[in-house]
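Data block below; observations after.
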Amino acid sequence: MNTKYIFVTGGVTSSLGKGIISASLAKLLKARGYSVTIQKLDPYINIDPGTLNPYEHGECYVTEDGAETDLDLGHYERFTNVRTSQANNITTGRIYQSVIDKERRGDYLGETVQVIPHITDEIKHRIKILGNKGDYDFVITEIGGTVGDIESLPYIEAVRQMRWEKGNNCVVIHLTYIPYLAAAGELKTKPTQHSVKMMLEQGVQPDIIVCRTERPLNESIRHKIALFCNVEPSDVIESIDAKTIYEVPVLMRDEKLDIQVLTKTQMPIEGEPDLEKWEEFLYKLKNPNSEVTIGLVGKYVELKDAYKSIIESFIHAGASLQCKVNLKMIHSESINDETAQEKLSGLNGILVAPGFGERGIEGKITAIKYARENNIPFLGICLGMQCAVVEFARNVLGYADAHSTEMNPNTTHPVIDIMKDQKTVCTKGGTMRLGAYPCKIKEGSKAYGIYKMIDISERHRHRFEFNNKYLEAYQAAGMMAVGINTKDNLVEMVELKDHPWFIGVQFHPEYSSTVANPHPLFIGFVDAARKNSSEVK
Ligand code: GLN
């Protein structure tokens, strides 16, 4: 297969949505029957974002094969329904690590190891790995950061070399910003001209310019950009602000981004991309016939990106039920016995988010107590499940100081404890229990009613687990272990017998929810919240 390589670079400013443009293009090409994968190259020195604080980099996404990655990979999977892997996210740290390892092994046979060609060769190698597998017609590579950053230089140089090597099999899409100056009453193209000039200085002529804008681009603006940036007016693509990111594939189809890419790579263009299911999803998303309010309790609620996959999973599940999900972000540190009623009453469902460390933990536990006692549908994810186990121990089983040993290593009731394999782990990077593991669901449980199957596989990212020493006490009091990893005998799912919908999962269902396959747990949860809302009325 003669794989085509598409690069997506960014200019003018960060946060223009390169990930969404890449994912939308992938969706369109896939909807035309082509096989596509998307890769993100991140110019920072961390080996992966697993060690990064959400304040730095938003959510850490986890692939099936256990890679801790940039959250853009989540968009790729949600849009295309194609699984990504370790090879789909590469950082400068990883590139340098492998070059330095090779140097230490003596692989360079006495050469001086340099940015060009050794670092750029390693970058190109990591890009071509995906193409060389022969599985894909298109490899879309998104280059993180903004052109002009010192850190991005080797990546842009690698793109320059790839263009040279691959000719028509390579296309560069540059995403820029066209600001609207209210005082002048005009859209301004100068920042775009400058950013393309910067690319040219680095030896890369973009083939297609995607212009992020708050207002429509008229013909004269398109011609101006074309003239200054050496492209055809048809290669100037408008990317106007959309109400939802899920509209972007449709907008890009209307702007013919896919057709421009296919033309340039000399691939056949037949008919239109099949977006029927996608448009049905959009219709349901925009025309809800019911509404629920769900509280998302976490300690990073002021950061939209920290819970990206959870927020998107609610959009998928809500659309599939034609139910509008209003998410109320609630800071766990603001919840205590005095504020619980004011913060949590009126919610149709409560989700306690994943997380690490002590901060805000008591607020999470208080929110869970409120959900349990007031029969409010509850979903606890990872740390959220662990908090549900702690809450039950303290308030139902009567173990007053019960805790996870992550927060209190000296508790007399360590109901959540470090996993055996984790006890000897000293380094933090990439050492959690990561990626997909199988789980068996107990027939007859609520969880079984939701998944409608016994054998499932879900992604993980944790070091602590339910302490099986307490299993009998829990089950006797009504908190049931309904999902088990039978190989290691780990409790993966708990639920309450006497509650309309109370489920805790040690894994992360949010990582695998996509537009085409909304996650059953989120559908079940929103559905339960909907029932709760009709009772509340
Ligand atoms: N801190 C907990 C653990 O490591 C939960 C992790 C999470 O929520 N992802 O087990």
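The values are calculated or read from the model by the stated rules, or taken from the named source; none is laboratory data. Note that the structure is a prediction, hence the values are computed from the model and not measured. All Cβ positions, even for glycine, are placed from backbone atoms using ideal geometry, and neighbour counts span all protein chains on display.
Please go through the stretch 311-368 and pick out each residue that is touching a strand residue (DSSP E or B) at 6+ places or on another chain (Cβ under 7 Å), surrounded by fewer than 24 Cβ atoms within 10 Å (Cβ to Cβ) and charged (D, E, K, R). LYS324, LYS328, LYS343, listed by residue number. For the stretch 124-150, filtering for residues that are over 21 Å from GLY74 (Cβ atoms) and touching a Leu at 6+ places or on another chain (Cβ under 7 Å) leaves 0. Would you be able to say whether some residue in the stretch 203-216 is part of a helix (DSSP H, G or I) and under 28 Å from the mean Cα position of the chain (by Cα)? The answer is no; no qualifying residue exists. Report yes if some residue within the stretch 332-348 is part of a helix (DSSP H, G or I), touching a Leu at 6+ places or on another chain (Cβ under 7 Å) and within 16 Å of the ligand (Cβ to nearest atom); otherwise report no. So far as the stretch 332-348 goes, no, none of its residues is part of a helix (DSSP H, G or I), touching a Leu at 6+ places or on another chain (Cβ under 7 Å) and within 16 Å of the ligand (Cβ to nearest atom). Taking into account only those residues within the stretch 369-392 that are more than 14 Å from the ligand (Cβ to nearest atom) and surrounded by 24 or more Cβ atoms within 10 Å (Cβ to Cβ), which is nearest to the chain's Cα centre (by Cα)? Among them, the one singled out is PHE378. Only one of the numbered conditions (1) assigned to a helix (DSSP H, G or I); (2) basic (Lys, Arg); (3) buried (at least 23 other Cβ atoms within 10 Å of the Cβ) is violated by LYS30, and that is (3).
Taking the stretch 430-466 as the range and being in a loop (DSSP other than H, G, I, E, B), surrounded by fewer than 20 Cβ atoms within 10 Å (Cβ to Cβ) and within 16 Å of the ligand (Cβ to nearest atom) as the test, the residues that pass are GLY430, THR431, ARG463. Within the stretch 393-428, the set of residues being within 12 Å of the ligand (Cβ to nearest atom), in a loop (DSSP other than H, G, I, E, B), of a type outside the set (D, E, K, R) and in contact with a strand residue (DSSP E or B) (Cβ under 7 Å, 6 or more places away or on another chain) comprises THR405, MET419. Pairing residues of the stretch 350-364 that are assigned to a strand (DSSP E or B) with residues that are among the β-branched types (Val, Ile, Thr) and within 12 Å of the ligand (Cβ to nearest atom), at Cβ distances under 8 Å and at least 6 apart in sequence or on separate chains, gives LEU351/ILE310; LEU351/ILE381; VAL352/ILE381. The combined condition, being assigned to a helix (DSSP H, G or I) and within 29 Å of PHE281 (Cα to Cα), is not fulfilled by GLY131. When ASP455, ASP421, ASP488 are checked against the criterion of being of a type outside the set (A, V, I, L, M, F, W, C), modelled with pLDDT of 95 or more and under 26 Å from TYR61 (Cβ atoms), ASP455 stands alone in meeting it.
Within the stretch 237-250, restricting attention to residues that are in contact with a Ser or Thr (Cβ under 8 Å, 6 or more places away or on another chain) and over 21 Å from ILE311 (Cβ atoms), the residue that is surrounded by the most Cβ atoms within 10 Å (Cβ to Cβ) is SER239.
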